[in-house]
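Enquirer: Attaching a single structure in structure tokens format; questions to follow.
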Amino acid sequence: MISMTGFGRGKAEAEGFYLTCDIRSVNHKYLDISIRLPRSLTIFDPLIREIIKQKISRGHVELFIQGSFQDVLFMKARVDHKLAASYLEQLSKLARKTDLEFSPDITFIAGLPGVVIPVETAEEGDNLKQLLIAAVNKALKNLLSTRRIEGEMIRKDISARIKSIQTFHQKLLLETPKAQSMSTDKMKNRIRELAKEASVEPLRLAQEVAWLATKMDISEELTRFKHHMQEMKKLMAVNEPMGRKLDFLIQEANRELTTISNKLQGLEISWLIVEMKTELERIREQVQNVE
């Protein structure tokens, strides 16, 4: 069992520069990825998303990259001569119109936006790509480790609650015949009272009692509920995403308990149903954070 909540950090260094990758995740209905990169690394956004998808199937994932690489990454430069000429022409016109002195030097021109453009070589780009992959993979490894640790804590809590529910289920099985007998007796007495007020044939009366008795039969609901609990226990032992499956089983188990409470009345029965529903709700809250 893996939690959707966790944090991981990964670092990678090479030739005097480094990258740090921080990843955090929280629960989410689907896989939702948010990536924040320095502008010069945005080209690698699709690559990072694909790496995350290979390791994580569900949750809101936030990834941050920072580091020191600009100075050594771009070892070549390109000069935009047309842009530089345009700057000079426009600034000269402005100087003439305003009667201001204008005597630019090469340092001034080179510092204007877009005049000198750093160019990444293919070799440098590949080196940075490998460094980025290393940092992301380390961060993901640490993230998954924290998710597994929390997932194990959740698994133990859910297992204990399933065991508690199964104990209540056994008590419900023992209590059911008594509750059914009491309900049947009450029903018979009520029908007899009504029969005194109206002319009802004994055979017809017996048929009605038998039909109403079948409406109080909860054997199917108890069997299905037991099956749902067994399926939940099986899922807990599987090393794969199970959050949605567990959530579905909880809904079905709750539906069976609601049907039982509608069919059969009694103080002890009602108390057992409330306790079982309470435990199921606590499990549901935990499952919301399971991948």
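Enquirer: For the stretch 38-59, enumerate the residues that are among the aliphatic types (A, V, I, L, M) and more than 22 Å from Leu128 (Cβ to Cβ).
Expert: Of everything in the stretch 38-59, just one residue is among the aliphatic types (A, V, I, L, M) and more than 22 Å from Leu128 (Cβ to Cβ), namely Ile56.
Enquirer: Is at least one residue of the stretch 31-54 assigned to a helix (DSSP H, G or I), under 15 Å from the mean Cα position of the chain (by Cα) and among the aliphatic types (A, V, I, L, M)?
Expert: Yes.
Enquirer: Right, something else. State which residue is surrounded by the most Cβ atoms within 10 Å (Cβ to Cβ) when the search covers only the stretch 33-60 and only residues that are within 28 Å of Ala237 (Cβ to Cβ) and in contact (Cβ under 8 Å) with a residue 12 or more places away in the chain.
Expert: For the stretch 33-60, the residue satisfying everything is Gly59.
Enquirer: Additional query: So for the stretch 260-274 (the condition being β-branched (Val, Ile, Thr), surrounded by fewer than 16 Cβ atoms within 10 Å (Cβ to Cβ), in contact (Cβ under 8 Å) with a residue 40 or more places away in the chain and assigned to a helix (DSSP H, G or I)), does at least one residue qualify?
Expert: no
Enquirer: Take the residues of the stretch 61-78 that are assigned to a strand (DSSP E or B) and either exposed (fewer than 13 other Cβ atoms within 10 Å of the Cβ) or of a type in the set (S, T, N, Q) (or both): which is modelled with the highest pLDDT?
Expert: The extreme case among them is Gln66.
Enquirer: Out of Leu94, Leu132, Leu143, which single residue is within 30 Å of Lys233 (Cβ to Cβ), at pLDDT 85 or above and not assigned by TED's automatic domain parsing to the domain that holds Leu267?
Expert: Testing whether each residue is within 30 Å of Lys233 (Cβ to Cβ), at pLDDT 85 or above and not assigned by TED's automatic domain parsing to the domain that holds Leu267 leaves just Leu143.
Enquirer: Just to be sure, is Phe64 aromatic (Phe, Trp, Tyr), over 30 Å from Val238 (Cα atoms) and touching a residue at least 12 places away in the same chain (Cβ under 8 Å)?
Expert: Against the criterion (aromatic (Phe, Trp, Tyr), over 30 Å from Val238 (Cα atoms) and touching a residue at least 12 places away in the same chain (Cβ under 8 Å)), Phe64 qualifies.
Enquirer: Report, ordered by the first and then the second residue, all pairs with beta carbons closer than 6 Å, sequence separation of six or more or different chains, a first member in the stretch 221-247 that is over 21 Å from Met4 (Cβ atoms), and a second member that is among the acidic types (Asp, Glu) and in a helix (DSSP H, G or I).
Expert: Glu221/Glu256; Arg224/Glu256; Phe225/Glu256; His228/Glu252
Enquirer: Could you please let me know if Ala179 is under 29 Å from Thr259 (Cβ atoms), out of contact with any strand residue (DSSP E or B) (no Cβ under 8 Å at 6 or more places or on another chain), modelled with pLDDT under 85 and surrounded by 14 or more Cβ atoms within 10 Å (Cβ to Cβ)?
Expert: yes
Enquirer: I'd like the full set of residues that are on the phi < 0 side of the Ramachandran plot and in a loop (DSSP other than H, G, I, E, B), limited to the stretch 2-30.
Expert: Ile2, Met4, Thr5, Asn27, His28, Lys29, Tyr30
Enquirer: I've got another one for you. Checking the condition in a helix (DSSP H, G or I), within 18 Å of the chain's Cα centre (by Cα) and of a type outside the set (Val, Ile, Thr), which residue from Arg244, Arg255 passes?
Expert: None of the other options fit; the residue is Arg244.
The values are calculated or read from the model by the stated rules, or taken from the named source; none is laboratory data. Since the structure is predicted, the reported quantities are computational estimates derived from the model, not experimental observations. Backbone-built Cβ (ideal geometry, glycine too); neighbour counts: all protein chains shown.
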